[in-house]
Amino acid sequence: MTRRKFSREFKIEAVRLVTDRGVAVAQAARDLDVAESVLRRWMRELTATPAVAFPGNGQMRADLAEISALKKEVARLRAERDILRKAAAFFAREAI
């Protein structure tokens, strides 16, 4: 089973169906063929941070993007450190 993806516009309209038009969450979820818990999560995300809710299209929130970039840098620095340790050990054996 493949995971369904919904556009930002679809999510916003789904939340507006409940908030603006007064449709019950359970009914809106059934009508849109999504789980009620998913619709409730969309509602929480939109009310918590409306400007950055549902970034979509592979875009990350700024803080998550920074964390990802830092993890990549840590991995690169560890690889460099390991190479330097191996080189130092190699040259130490050659000097003996």
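Okay, here's what the table says:
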{"read-out": "Condition met for M60 (surrounded by 10 or more Cβ atoms within 10 Å (Cβ to Cβ), under 30 Å from R4 (Cβ atoms), in contact with a helix residue (DSSP H, G or I) (Cβ under 9 Å, 6 or more places away or on another chain) and at pLDDT 90 or above)", "value": "no"}
{"read-out": "Residues within the stretch 12-45 that are of a type in the set (D, E, K, R) and not in a helix (DSSP H, G or I), tallied", "value": "3"}
{"read-out": "Members of the stretch 44-55 that are surrounded by 17 or more Cβ atoms within 10 Å (Cβ to Cβ) and on the phi < 0 side of the Ramachandran plot", "value": "L46, A53"}
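The values are calculated or read from the model by the stated rules, or taken from the named source; none is laboratory data. Worth saying up front: this structure is predicted, and the values here are computed from it rather than measured. For neighbour counting, all protein chains shown are included, and Cβ atoms are generated from backbone atoms with ideal geometry for every residue, glycine included.
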